[in-house]
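Worksheet: one structure, shown below.
The values are calculated or read from the model by the stated rules, or taken from the named source; none is laboratory data. Since this is a predicted model, take the numbers as computed values, not measurements. Every residue, glycine as well, gets a Cβ built from its backbone with ideal geometry; the counts of neighbours run over all protein chains shown. Please note that ligands, DNA and RNA were not included when accessible areas were found on the heavy atoms of the full protein model with its side chains. Shrake-Rupley method; radii C 1.70, N 1.55, O 1.52, S 1.80 Å.
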Amino acid sequence: MAEDPSDRELRATAAAVLVANRRAHATVPAPGLYPYQWCWDTGPIALGWAALGEWDQAWAELRSLLSAQWPTGFVPHIVFWEPDDGYFPGPAVWGTGGGAPPPPAPQTTGITQPPLPVSAAAALFAADPDRLRARRELGALLPSLSAWVEWLCRARRGPHGAVVAVHPWETGMDNSPAWDEPLAETPLATNDVLERRDTSTVSAAQRPTSVEYQHYLGIVGVLRSHGWDTEHQAEVSPFAVEDPGFTAIAVRAADDLVEVARALDDTERADRLVARAEQLRAGLEALWDEELQTYRAYDVRAGRPVGPATAGGLAGLWAGCRPDRAAVLAARARAWAQPPGVGVTTSDPGADGFDPVRYWRGPVWVLVNWLVAEGARRSGDPGLAEHLRATTRALVADAGFSEYYDPRDGTGIGGSGFSWSAALTLWWIARG
Ligand code: GLC
């Protein structure tokens, strides 16, 4: 074990990661592996800058992301601010330029990610010591943030009222075992269109398989052939799954927006958003699976619940779900985090499909630990919240700001120098 650094040292090393990953428009998730702005990473990254007292940078991250919003309210999962050969599939593969309705510059993908930046905006608003700036920045962002939530509720409303993801990448938990069955039913792009760059820096054993990548590209091909019509993707995509993780983040986003709209005296907007929050919350609760005792993904194409219990289900805590269910989820999070106490695994360690090193099939992520801990704190389980904070602190102090960690011993795996691992260390673990 490395010597445990003080909070001050930990903050300094985390700050260095954000500084190194800052680009002209936004902070990228990791140099090399992810050289653009990613949607849900933007939330934690903004919080990290705020924790450093860099409020203008914090607000600018959100402004940049929302400046790439499409007229429908859709927010893309990647904004390709600067050309970079380090990532596949880049802008040419997406070809969203000819989409309907036409997106504004810059180039973006045509799928979305969970609206975590909405809650980050609300958190910045609450914490920014310069109240004038807080009101000005949030006031300017509020119409875009609520258009995002409205779009989700309109264009992505699934049969249970939960949010439909039309691509595994939209969930943020790309190769979760929950997607195995629905993904297998999607078309395969031919191998020659694949130009994987990820496996040149990260061991292939820690990444999705090439067959999964062929399916990922196959879905992109279908959505592209439909002209990136963001109003109807849930109808045309070969992959359509109501995702409890995405839905939980959307519930919390809507709740948070209600609060900030009220704080800005925008009562009409607040009332509308209350209805959206209720719709989303009902959708989340409808995904509860009695047998598995978790919020569970629902495959819209096949018409059935799919997959094992995963971190997506645990995210119900983040949403402030039903208290009896929150207690069940908290007990599960505790069980998955033991032993040796590295943190919450991304899927059920006892279920088929678990793999301790393969990305979202088992490894521990700082983001997931934080979503669960913060949810536990709010649902009245400060013990779990503190346990996760302490274990995550030990993890980053020992292994650095990795993309994810082996739950068996805390080894850092995937990419390194990761922005959201560093940012959440600043915001959550080692606040100055
Ligand atoms: C990977 C993750 C996704 C994240 C992105 C950038 O694609 O699966 O959740 O947003 O990397 O960090």
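Residues F80, F354 ordered from highest to lowest accessible area at a 1.4 Å probe: F354, F80. Net length available on complete extension from A282 to V19 is 90.6 nm, with 0.36 nm assigned per residue and the Cα-Cα distance removed. Volume of the convex hull of the range 65-143 (Cα atoms only), normalised per residue: 111 Å³.
Here the chain has 51 percent of its accessible surface on carbon and sulfur atoms, given a 1.4 Å probe and all protein chains in place.
Sequence-ordered 3J(HN,Hα) estimates for the range 164-172 from the Karplus curve with 6.51, -1.76 and 1.60 and θ = phi - 60° stand at 8, 9, 9, 7, x, 5, 5, 6, x Hz, glycine and proline given as x. Pairwise Cα separations in the range 123-261 fall into 10 Å bins from 0 onward with the following percentages, short to long: 10, 32, 28, 21, 9, 0.
Estimated from the Cβ-Cβ distance and a Förster radius of 25 angstrom, the FRET efficiency linking E386 and A205 is about 0.15.
If you wrap the chain's Cα atoms in a convex hull and average its projection over all directions, what's the area in nm²? Provide the component values of the computation, followed by the final result.
Values: hull surface 73.1 nm².
Quarter of the Cα hull surface area: 18.3 nm².
The helix-only estimate of mean residue ellipticity at 222 nm for the chain, built from DSSP H runs of length n ≥ 4 each weighted as -39500 (n - 2.57), is -14500 deg cm²/dmol after division by the residue total.
Fully extending the segment from L292 to E82 would add 71.2 nm, taking 0.36 nm per residue of separation and subtracting the current Cα-Cα distance. Shape of the range 307-432 from its Cα gyration tensor (a ≥ b ≥ c, root eigenvalues): rounded if a/c is under 1.5, otherwise prolate when a/b > b/c, or oblate? Verdict is oblate for the range 307-432. The equivalent ellipsoid that matches the C-alpha gyration tensor of the range 1-93 spans semi-axes of 27, 17, 10 angstrom, in descending order.
Our compactness index for the range 285-381, the C-alpha radius of gyration over the empirical 2.2 N^0.38 Å, is 1.03. Stretching the chain fully between S6 and R304 yields a gain of 102.3 nm (0.36 nm per residue, less the alpha carbon separation).
What the phi angles of the range 330-343 give under the Karplus curve with 6.51, -1.76 and 1.60, with θ = phi - 60°, is a coupling list of 5, 4, 5, 4, 4, 5, 5, 8, 10, x, x, x, 7, x Hz, glycine and proline written as x. Counting every Cα pair in the range 163-214, what percent are over 13 Å apart? Beyond 13 Å sits 64 percent of the P(r) for the range 163-214. Apply the Kirkwood formula to the range 5-48: the hydrodynamic radius equals the inverse of the mean of 1/r over all pairs of different alpha-carbon atoms; give it in Å with one decimal. Its Kirkwood hydrodynamic radius stands at 11.0 Å.
Along its first, second and third principal axes, ordered by size, the range 296-351 spans 39, 25, 14 Å in Cα coordinates. In order along the range 136-142, the Karplus-derived 3J(HN,Hα) couplings, from 6.51 cos²θ - 1.76 cosθ + 1.60 at θ = phi - 60°, round to 5, 5, 5, x, 6, 8, 3 Hz, and Gly and Pro are given as x. The accessible-area ordering, largest first, of the residues Y404, Y87 stands as Y87, Y404, per a 1.4 angstrom probe. Ligands, DNA and RNA are left out, and with a 1.4 angstrom probe the accessible area of the chain is 35 Å² per residue. Amide H contacts for Y295 (H built 1.01 Å from N in the peptide plane; partners 5 or more residues away or on another chain; cut-off under 5 Å): D289.
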